[in-house]
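Okay, so here's the structure we're looking at.
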Amino acid sequence: MSQVDERTAPPAAPPTRRRANWAVALPRNAWRQLTSMRTALVLLFLLAVAAIPGSVLPQRSVNVDQVNAYYDRHPKLAPVLERLGGFEVFASPWFSAIYLLLFTSLVGCILPRLRDHLRALRSAPPDAPRRLDRLPQHAVLPGHDGDLSAIAAELRRQRWRVVAREGTVSAEKGHFKETGNLLFHLSLIGVLVGVGLGSWYGWHGNRLLVAGSDHAFCNTLQQYDEYGLGPRLHPTDLPPFCLELTDFEAKFLDSGQPDSYRATVNVDEAGGAPRRESFSVNSPLRLDGANVYLLGHGYAPVIRYTDRYGRSQTSVVPFPESDATMTSQGVAMFPDANVDPKTGERDPSLQMGFQGLYLPTTPTDTFEARSLHPAERNPGLLLVAYRGDLGLGTGIPSSVYVLNQRQIDDGKLEEVGRSKVLRKGDTWTLGDDTKVEFLGTRPFAVLSVRHDPGEMIVLVSAGVLLTGLMMSLAGRRRRVWFRVTPAGDSTTASSRLVEAGGLPRTDYPGFADEFAALVAAVTGGEPAAERSANGRGQRDRPEPREGTD
Amino acid sequence: MAELSNLLLVVAILAYLLAMVCHAAEYAFGSRSVVARAATRPARELVAVGAGAPMKADLPPAPPGPPAPPARSGAIAGRAAVIVTALAGLAHLGSVVTRGVAAQRFTWGNMYEFALTITLVATAAWLVLVTRRPELRHLGLFVALAMVLMLGTAGMVFYTEVGPLMPALKSSWFIVHVAGAAFSSGIFLLGFVPAMMYLIRSGYDRGKRSFPYTLGRRVPAAAALERLTFRLHAFAFPIWTFAVAAGAIWAEAAWGRYWGWDPKETWAFISWVVYAGYLHARATPSVKRSTATWIAILGFLTMLMNLIGVNLFFSGLHSYAGV
Ligand code: HEM
């Protein structure tokens, strides 16, 4: 790593005091301050600190339920935190301010460096310093014939950038490092752009999909249980496709641990024939303009109710699981039950609702209503029947997974019986001679459908970032010079003096070795007479070569 | 197999303790190693000077110190310490391998296994380092101490029965991600040791003689420690970056988004930024080396927070909850 000069204040600024031009000086100084390494450091530190509340407080973008729970637990504090952006830290003004400043600083920092670097790439390696023996590495090549062109050729072969001048050869290597560093910092901007595009033009929706063609869904916002749409996107921009879950396979170990999940769907994309695809937890379904991810699964009991007029209705409702063994709870509601077929008159007090508990593996010897295993080894359904007004038409949004408790409390919805454990195919006859049948279950899958147009940009930028980082950390800039001093000027007895000097421009402990090898190579393997003018042992490698090697 | 693994872990911890005793004996009887003394010579700052610019005046070569009386018993204890550390590492490796065999998978399915793996990486890296640079041997006491602390905590607090992986964890990107994270964490862990010792040693050099600074008396010279710290961090940082990127790729495949600010991700980001800050600080001449080193230490604390704290305090998507 080099010791970079701080870019804070190039001394070039002439004293323009006389004009008291603070209107120019102030922004210029502010800009210099902003683009200094110290500021970058402070901003980096601030960024790290600012991220901490994002992990301590529940975040809306990660888990809305936890935010709501937080509101319940801290009713006073929560609104204050809300105003401070505590539940959306990564979208909050202060977090954005920090990273925008950091990136401004970044741009201000790398543009001049980019310019300097391009200049350095084009310019020839500089002339040799007057006294090579003052350099950190120095050697005299006594046996050498003084053929500088051969030296230059050897250096070129070793991929140094070489310039031969009158009596000297200058060579340089390792622009690699600064190139990598600039690539790295530029790619950070790429990452930011990709993230930005993703949040502007991306969208996602979550959907619980029950197996069966009668439950197929198509990609419109109304069909999602929950969704998010980028601000630059219109609902009609969503790509058209329909999905039908045809099969869901969940494998579990005997211990109950899930082993694998696989969903099979019929896909109907615009402009293509319907096709069958399957996907699993780590390999999403990739459609044109959207990816479909498998987030969860469960069982949807199929329940048929036959009312007092002999009319049957079937409900297929997903029962979300409440524990790891897939003990699942839900409700089946029949608001249209017991409508007199002759008059067509509906009696709201005769609606039917069933609170249900589904156990994929029902215990045989205990009364605990808990499934023993997540797979359907011994399925059983427990129902509690309610009759009365389900309260669906009240306009108050109600959950589809529980009965309306208010109606029960108000006595408008009454419990009328509890079933025994119903097996698949069992019928339970209620007091009023109506019947409930448990017909079996269908699997359901919880899907997340997403599109993020910035993803590829971020991925490519991350690749560049990593490459640049490695180049920057492994690269070492260094220069060497060879000089032939004609007889007379030389203090040695031989007719001419051939000497070499080397200067590592970055921290590079192995340079002595490289220099020695280079000298040996140009002298044809002969050891040089005097290896170091500075008493710094060649062989003493004071550094572990771990790390940046 | 699982019992064998647990047994080997106990053996490993005891062996690390024994290595500490040997190192301490070397501490007590030995003189400072020759090279460590040599390294005390003020290292000449390499400044980026253009050719032709005046060179910084050379410092006179340090006068060779009076030959140290060979402290044989100390050296023997020191060498024994390294050998015992190697044996401890073997037992440690055995513990990890047998656990892997018992579980039929790589050993990074939960916090306990992860801690076991990163300490193994740190030990292996230390052994490589100390064979190539014997003069760093005195640091071994603190390396072994770190191992005893980490493994002891892992075994007593985080122990988890052998179990299979969740479906979401079965992915090649997951393997790459966790392997990268374990490897870089191990190197960061090892880097933490010279970082601490650098701060102690430079305090000692400034004349502090109270407790933690007295430990600095025999460790390698401050400059050498500082450079070692940097080397290790510069080596680990790209691997850590890669591990985070691989994790993002995996998250994209598993959850549909490459980054979601889940607590584990948030802390990975924090560590990354802090370590980037360390590299920056070290490259900034106006920032003192000790300040930079403090940032590295802070970085390691954030790694620990991610490894342990996040699993304990927050719930997230990362199913590492095996506490
Ligand atoms: C977005 C925030 C930034 C991050 C994450 C970051 C990260 C890094 C990292 C990890 C390094 C060390 C690796 C290397 O040598 O290339 C580095 C080096 C460097 N950074 Fe940054 N940086 C950021 C912003 C900046 C800014 C704003 C500046 C300028 C003020 C800057 C200037 C430099 C310089 C000059 C080096 C080279 C040090 C050397 O010579 O090795 N960086 N940066």
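The values are calculated or read from the model by the stated rules, or taken from the named source; none is laboratory data. All values derive from a computational prediction rather than experimental measurement. Reconstructed Cβ throughout: ideal geometry from the backbone, glycine too, with neighbour counts over all protein chains shown. To get the accessible areas, we keep the full protein, side chains included, count just its heavy atoms, and leave off ligands, DNA and RNA. Shrake-Rupley method; radii C 1.70, N 1.55, O 1.52, S 1.80 Å.
Taking A:ARG505, is it surrounded by fewer than 21 Cβ atoms within 10 Å (Cβ to Cβ) and more than 30 Å from A:SER199 (Cβ to Cβ)?
Here the answer is no, as A:ARG505 does not meet what is asked.
Of the residues that sit in the range A:432-463 and are within 30 Å of A:ARG159 (Cα to Cα) and surrounded by fewer than 18 Cβ atoms within 10 Å (Cβ to Cβ), which one is nearest to the ligand (Cβ to nearest atom)?
Among residues in the range A:432-463 that are within 30 Å of A:ARG159 (Cα to Cα) and surrounded by fewer than 18 Cβ atoms within 10 Å (Cβ to Cβ), the one nearest to the ligand (Cβ to nearest atom) is A:GLY463.
Taking the residues in the range A:20-57 that are among the aliphatic types (A, V, I, L, M), more than 8 Å from chain B (Cβ to nearest Cβ) and within 10 Å of the ligand (Cβ to nearest atom) as candidates, determine which candidate is farthest from A:PHE87 (Cα to Cα).
Ranking the candidates gives A:LEU34 first.
Filter the range A:252-265 for residues that are over 17 Å from A:PRO239 (Cβ atoms) and assigned to a strand (DSSP E or B) and give the result.
Of everything in the range A:252-265, those that are over 17 Å from A:PRO239 (Cβ atoms) and assigned to a strand (DSSP E or B) turn out to be A:PHE252, A:PRO258, A:ASP259, A:SER260, A:TYR261, A:ARG262, A:ALA263, A:THR264.
What are the residue pairs meeting all of these: first residue in the range A:263-288, first residue under 18 Å from A:ASN219 (Cα atoms), second residue in a loop (DSSP other than H, G, I, E, B) and open to solvent by 30 Å² or more (accessible area, probe 1.4 Å), Cβ atoms under 7 Å, and 6 or more apart or on different chains?
A:ASN266/A:PRO274; A:VAL267/A:PRO274; A:ASP268/A:PRO274; A:GLU269/A:ASP288; A:ALA270/A:PRO240
Take the range A:131-170 and flag every residue that is buried (at least 20 other Cβ atoms within 10 Å of the Cβ), away from chain B (no Cβ under 14 Å) and under 47 Å from the mean Cα position of the chain (by Cα).
Hits for the range A:131-170 are A:LEU155, A:TRP160, A:VAL162.
Would you confirm, using the coordinates I've provided, whether A:LEU135 is away from the ligand (no atom under 16 Å from the Cβ) and among the hydrophobic types (A, V, I, L, M, F, W, C)?
Yes.
If A:SER448 satisfies all but one of (1) part of a helix (DSSP H, G or I); (2) facing chain B (nearest Cβ under 7 Å), what's the number of the condition it fails?
(1)
For A:ALA290, work out the one condition from (1) small (Gly, Ala, Ser); (2) open to solvent by less than 20 Å² (accessible area, probe 1.4 Å); (3) within 14 Å of chain B (Cβ to nearest Cβ); (4) touching an Asp or Glu at 6+ places or on another chain (Cβ under 9 Å) it doesn't fulfil.
The number of the failed condition is (4).
In the range A:175-191, what count of residues is obtained for those that are away from every other protein chain (no Cβ under 12 Å) and within 12 Å of the ligand (Cβ to nearest atom)?
Adding up the residues that qualify gives 7.
Select from the range A:93-114 the residues that are in contact with a Leu (Cβ under 7 Å, 6 or more places away or on another chain) and open to solvent by less than 50 Å² (accessible area, probe 1.4 Å) and write down the one among them that is farthest from the ligand (Cβ to nearest atom).
Ranking the candidates gives A:ILE98 first.
Conditions first: (1) open to solvent by less than 70 Å² (accessible area, probe 1.4 Å); (2) not in a strand (DSSP E or B). A:ARG232 passes all but one, so which condition is the exception?
Status for A:ARG232: all satisfied but (1).
Would you check which residues across the range B:192-209 are open to solvent by 70 Å² or more (accessible area, probe 1.4 Å) and not in a helix (DSSP H, G or I) and list them?
Those that are open to solvent by 70 Å² or more (accessible area, probe 1.4 Å) and not in a helix (DSSP H, G or I): B:ARG206, B:LYS208, B:ARG209.
Please note which strands (runs of 3 or more DSSP E) are completely contained in the range A:308-390 and include at least 3 residues that are touching a residue at least 60 places away in the same chain (Cβ under 8 Å).
Passing ranges, in order: A:328-334, A:352-359.
What is the one condition in (1) at pLDDT 90 or above; (2) within 17 Å of A:HIS185 (Cα to Cα); (3) of a type in the set (Gly, Ala, Ser) that A:SER36 does not satisfy?
Condition (1) is where A:SER36 drops out.
Using the structure shown, decide if B:ALA222 is open to solvent by 10 Å² or more (accessible area, probe 1.4 Å), in the same structural domain as B:GLY309 (by TED's automatic domain parsing) and over 30 Å from A:PRO53 (Cα atoms).
yes
Only residues that are surrounded by 13 or more Cβ atoms within 10 Å (Cβ to Cβ) and in a helix (DSSP H, G or I): list them for the range A:57-67, please.
A:VAL64, A:GLN66, A:VAL67, listed by residue number.
Given the structure, is B:THR241 at the interface with chain A (Cβ under 7 Å from one of its Cβ atoms) and within 16 Å of the ligand (Cβ to nearest atom)?
Judged against the criteria, B:THR241 is a match.
Taking the options B:GLY309, B:GLY277, name whichever one is outside any loop (DSSP other than H, G, I, E, B), within 12 Å of the ligand (Cβ to nearest atom), of a type in the set (Gly, Ala, Ser) and open to solvent by less than 20 Å² (accessible area, probe 1.4 Å).
B:GLY277 is the lone residue from the list that is outside any loop (DSSP other than H, G, I, E, B), within 12 Å of the ligand (Cβ to nearest atom), of a type in the set (Gly, Ala, Ser) and open to solvent by less than 20 Å² (accessible area, probe 1.4 Å).
Could you tell me whether any residue of the range A:198-212 is open to solvent by less than 50 Å² (accessible area, probe 1.4 Å), in a helix (DSSP H, G or I) and not hydrophobic (A, V, I, L, M, F, W, C)?
Yes; the residues of the range A:198-212 include at least one that is open to solvent by less than 50 Å² (accessible area, probe 1.4 Å), in a helix (DSSP H, G or I) and not hydrophobic (A, V, I, L, M, F, W, C).
So B:GLY260 passes all but one of these: (1) open to solvent by 10 Å² or more (accessible area, probe 1.4 Å); (2) away from the ligand (no atom under 16 Å from the Cβ); (3) in contact with an Asp or Glu (Cβ under 8 Å, 6 or more places away or on another chain); (4) not in a helix (DSSP H, G or I). Which condition number does it fail?
Only one criterion in (1) open to solvent by 10 Å² or more (accessible area, probe 1.4 Å); (2) away from the ligand (no atom under 16 Å from the Cβ); (3) in contact with an Asp or Glu (Cβ under 8 Å, 6 or more places away or on another chain); (4) not in a helix (DSSP H, G or I) is unmet by B:GLY260, namely (3).
Inside the range B:97-109, can you point out the residues that are in contact (Cβ under 8 Å) with a residue 60 or more places away in the chain and surrounded by 23 or more Cβ atoms within 10 Å (Cβ to Cβ)?
B:ARG99, B:TRP108, B:GLY109
Considering (1) within 25 Å of the chain's Cα centre (by Cα); (2) loosely packed, with under 15 Cβ neighbours inside 10 Å; (3) in a strand (DSSP E or B), say which one A:PHE279 fails and leave the rest.
In the conditions (1) within 25 Å of the chain's Cα centre (by Cα); (2) loosely packed, with under 15 Cβ neighbours inside 10 Å; (3) in a strand (DSSP E or B), A:PHE279 misses (2) alone.
Testing A:MET470 on (1) at the interface with chain B (Cβ under 9 Å from one of its Cβ atoms); (2) at pLDDT 90 or above; (3) out of contact with any strand residue (DSSP E or B) (no Cβ under 8 Å at 6 or more places or on another chain); (4) more than 11 Å from the ligand (Cβ to nearest atom), one condition comes back false. Which one is that?
Against the list (1) at the interface with chain B (Cβ under 9 Å from one of its Cβ atoms); (2) at pLDDT 90 or above; (3) out of contact with any strand residue (DSSP E or B) (no Cβ under 8 Å at 6 or more places or on another chain); (4) more than 11 Å from the ligand (Cβ to nearest atom), A:MET470 comes up short only on (4).
Take the range B:4-48 and flag every residue that is open to solvent by 60 Å² or more (accessible area, probe 1.4 Å), at pLDDT 60 or above and farther than 21 Å from B:ALA81 by Cβ.
B:LEU4, B:LEU7
So how many residues does the range B:282-300 have that are closer than 21 Å to B:VAL193 by Cβ, open to solvent by less than 20 Å² (accessible area, probe 1.4 Å) and either without any contact (Cβ under 8 Å) to a residue 12 or more places away in the chain or within 10 Å of the ligand (Cβ to nearest atom) (or both)?
1
May I ask you to say which residue of A:ALA120, A:ALA128 is within 16 Å of the ligand (Cβ to nearest atom), touching a residue at least 24 places away in the same chain (Cβ under 8 Å) and within 11 Å of chain B (Cβ to nearest Cβ)?
Criteria check complete, one pass: A:ALA120.
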